[in-house]
Amino acid sequence: TAKHSSPGQCRYYRPEMNVRGSELLALETDLHRALEREEFVLYYQPQLDVTTGQITAVEALIRWQHPNRGLVSPRDFIPLLEQTGLIEEVGKWGLNTACRQAKAWHSQGYPIRMAVNCSARQFQQHFLDIVHQILQKQSLDPAYLELEVTESVVMQDTQSATYILQRLKEMGVTLAIDDFGTGYSSLAYLKRFPIHSLKIDCSFVRDVTKNEEDAAIAETILLLGNSLGLEVVAEGVETEAQMRFFQDRHCHRIQGYWIGRPMPAKDLFPLITGRNNP
Ligand code: C2E
Ligand code: MG
Ligand code: MG
Ligand code: MG
């Protein structure tokens, strides 16, 4: 159950969903064909802007529609994509798909910000060209692309990460630290890296209304973000009480099942239009 979930992982996890052993091999073979067979799909999870009460941003979350297994969780195949190097190609596909979707919503009158996750293997100099090309191709205003990286991604090779983050910032892309507070990092990097937002990890959110330590951590992240001029996003908000906790403390954006689950673009559209009439 949720009690056993590790930091950075807020899914209620069933152990039998974990993939191991010979199954890995089978999955890996399938993964090689998944892209050309168009088995990947992006779901979008809404983020509520607390000051306006509107859905102003979404996070793109990849799903794999396996022909026999059904919908496979990214927690089961992202590590495999990374190990095999396939993440570069799939990541590029995801970035392009997400940017095209954002552009489509913009063209319909809804200026939605699109958050896209980025793994360590993607975060190289070559990535700068990919981002640039995709933004051009989709003619998307870079300010509406928010790249999410975890602390471990930026702490792995801080010199190279600083360079890449700086170039992305110059491009006009916004940057978020995902799963904030769960990685091994030094707070000094917040000063050095050109970051726009912090996402409070769902492991601190889950018991925020019941556990004093979690509440203290969440409040500290909010204070830290506010004093550094960063936007703070709360992840994994599942109840009204949790939502109120973050609203009362002026958290900028709220994401979680209480606002909406990750869903296909066509299902999300009414949520966008219902809340923001152009
Ligand atoms: P993440 O970026 O931290 O995404 C948040 C995860 O929390 C998502 O899991 C989301 O479905 C889940 N979540 C959102 N709201 C709630 C809630 O209220 N309660 C609970 N219990 N969970 C909630 P998901 O979609 O399974 O993705 C898992 C992770 O896989 C992501 O964590 C991200 O690290 C990675 N991932 C997903 N899509 C991509 C992608 O396109 N590229 C890369 N590189 N990584 C991805
Ligand atoms: Mg994560
Ligand atoms: Mg994320
Ligand atoms: Mg997260």
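The values are calculated or read from the model by the stated rules, or taken from the named source; none is laboratory data. Note that this is a predicted model, so its numbers are computed, not measured. Neighbour counts are summed over all protein chains in view; Cβ atoms, including those assigned to glycine, are modelled from backbone coordinates with ideal geometry.
Can you tell me which residues in the stretch 252-278 are closer than 20 Å to SER197 by Cα and either outside any loop (DSSP other than H, G, I, E, B) or away from ligand 3 (no atom under 16 Å from the Cβ) (or both)?
Within the stretch 252-278, ARG253, ILE254, GLN255 meet the criteria.
Could you check how many residues of the stretch 234-247 are touching a residue at least 12 places away in the same chain (Cβ under 8 Å) and either in a helix (DSSP H, G or I) or touching a Leu at 6+ places or on another chain (Cβ under 7 Å) (or both)?
Qualifying residue count, the stretch 234-247: 7.
Those residues that are closer than 20 Å to SER197 by Cβ, at pLDDT below 95 and either surrounded by 20 or more Cβ atoms within 10 Å (Cβ to Cβ) or not small (Gly, Ala, Ser) (or both), I need them from the stretch 120-139; list them, please.
Matches in the stretch 120-139: GLN122, PHE123.
Please give the number of the condition ASP214 fails out of (1) touching a residue at least 12 places away in the same chain (Cβ under 8 Å); (2) touching a helix residue (DSSP H, G or I) at 6+ places or on another chain (Cβ under 6 Å).
If we test ASP214 against (1) touching a residue at least 12 places away in the same chain (Cβ under 8 Å); (2) touching a helix residue (DSSP H, G or I) at 6+ places or on another chain (Cβ under 6 Å), just (1) comes out false.
Considering only residues that are out of contact with any helix residue (DSSP H, G or I) (no Cβ under 9 Å at 6 or more places or on another chain), more than 16 Å from ILE112 (Cβ to Cβ) and without any contact (Cβ under 8 Å) to a residue 40 or more places away in the chain, which ones fall in the stretch 248-278?
Those that are out of contact with any helix residue (DSSP H, G or I) (no Cβ under 9 Å at 6 or more places or on another chain), more than 16 Å from ILE112 (Cβ to Cβ) and without any contact (Cβ under 8 Å) to a residue 40 or more places away in the chain: ASP248, TYR257.
For residues that are over 25 Å from PRO142 (Cα atoms) and not aromatic (Phe, Trp, Tyr), scanning just the stretch 170-200, find the one that is modelled with the lowest pLDDT.
Once the filter is applied, the top-ranked residue is SER185.
Among the candidates GLY109, GLY91, GLY172, which residue alone is buried (at least 18 other Cβ atoms within 10 Å of the Cβ), of a type in the set (Gly, Ala, Ser) and closer than 27 Å to ILE55 by Cα?
It is GLY91.
Here's the yes/no breakdown for (1) out of contact with any Ser or Thr (no Cβ under 8 Å at 6 or more places or on another chain); (2) farther than 22 Å from PRO142 by Cβ; (3) outside any helix (DSSP H, G or I):
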residue	(1), (2), (3)
GLN47	no, no, yes
THR51	yes, yes, yes
ILE55	yes, no, yes
ALA60	no, no, yes
ASN68	yes, yes, yes
LEU71	yes, yes, yes
ARG75	yes, yes, no
LEU80	yes, yes, no
GLN83	yes, yes, no
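Output the residue which, of all residues in the stretch 162-214 that are over 24 Å from GLU59 (Cβ atoms) and either assigned to a helix (DSSP H, G or I) or within 15 Å of ligand 1 (Cβ to nearest atom) (or both), is nearest to the chain's Cα centre (by Cα).
THR162
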